[in-house]
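Data first, discussion second: the structure below is written as structure tokens.
Since every read-out is calculated from the coordinates, none of them should be taken as a lab result. As the structure is a computational prediction, the values presented were derived from the model and not from experiment. Backbone-built Cβ (ideal geometry, glycine too); neighbour counts: all protein chains shown.
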Amino acid sequence: MANFRTHIAGAAIPSVAAAGTLFAADLIPAEIAVAAAFLGALGGILPDIDAERSLPTRIIFGALALAGACALALALRGQIALPLLGALVLGAFLLLRFGLRALTGWLCVHRGLVHTLPMAALVGVVVADLAAFVAPSDHAWLLGAFTSAGFIVHLVLDELFSVDLLGVRLKASFGTALKLGIRRQPIGTLVLYAALVGVVVLGPPIDRFARQITSQRTHRAIAGVLHLR
Ligand SMILES: [Zn+2]
């Protein structure tokens, strides 16, 4: 398996190059290019959050639980007695903090469901869904595509590094990174696909993005920047 530096470079270099090309071709504004390059690089390190019970992972879970507890406190504020509110908020915090950890522990056997192609698609679509709140649909999908592409670069690098340098012997981890699901986790795999369908349905319309990536004008603009004409 590839190490952290390989992953960040492996995803960041093509992301910056691709985003820079689209910007130079005048197809996207600067802020979308910067966000796309950043999200592509982030996608390249995202899969390995399942590997760590480390400080960053704990900070993320703690922050999510705190955000959830605060949201509950705001929602119930003034409606119930203060001591009850306090107990509920504390309960919600603990439930989220340890519940999330148990859930990810179940989903995230290292190179389990997180290291799969449907998960790569899921993170990209979630990014597109969120980006659609602040950007037009075609830009939102582009940002999602960069995130998924970085994620897939990670999976490919893991796969390449499980082959030894001469490519003669396969290490035991070969074939564990690029997969469509986990046979031993049928329910988890199903939940993952169901979540993917859900975020696609909730997402912004994709037709504009699809038209643009297939249009002659886009291809000519990119070819012009790359001096392919
Ligand atoms: Zn990995």
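The phi-based Karplus calculation (6.51 cos²θ - 1.76 cosθ + 1.60; θ = phi - 60°) puts the 3J(HN,Hα) values of region 197-203 at 4, x, 6, 5, 4, 6, x Hz, whole numbers, x for Gly and Pro. Relative to the current alpha-carbon distance between A63 and D207, full extension at 0.36 nm per residue lengthens the span by 48.3 nm. Our coupling estimate for region 119-136, obtained by passing each phi through the Karplus curve with A = 6.51, B = -1.76, C = 1.60 and θ = phi - 60°, is 5, 4, 5, 4, 5, x, 5, 4, 4, 4, 4, 5, 5, 5, 5, 10, 9, x Hz, Gly and Pro reported as x.
Each residue of region 179-186 is assigned a 3J(HN,Hα), and the resulting list reads 9, 8, x, 10, 5, 6, 10, x Hz, derived from the Karplus form 6.51 cos²θ - 1.76 cosθ + 1.60 (θ = phi - 60°), x at Gly and Pro.
Here the simple spin-label model places points 7 Å from the Cα toward Cβ, and for R184 and L94 these points are separated by 3.2 nm. Packing, as the average of other Cβ atoms within 10 Å across residues, places the peptides 136-149, 77-90 in the order 136-149, 77-90, highest first.
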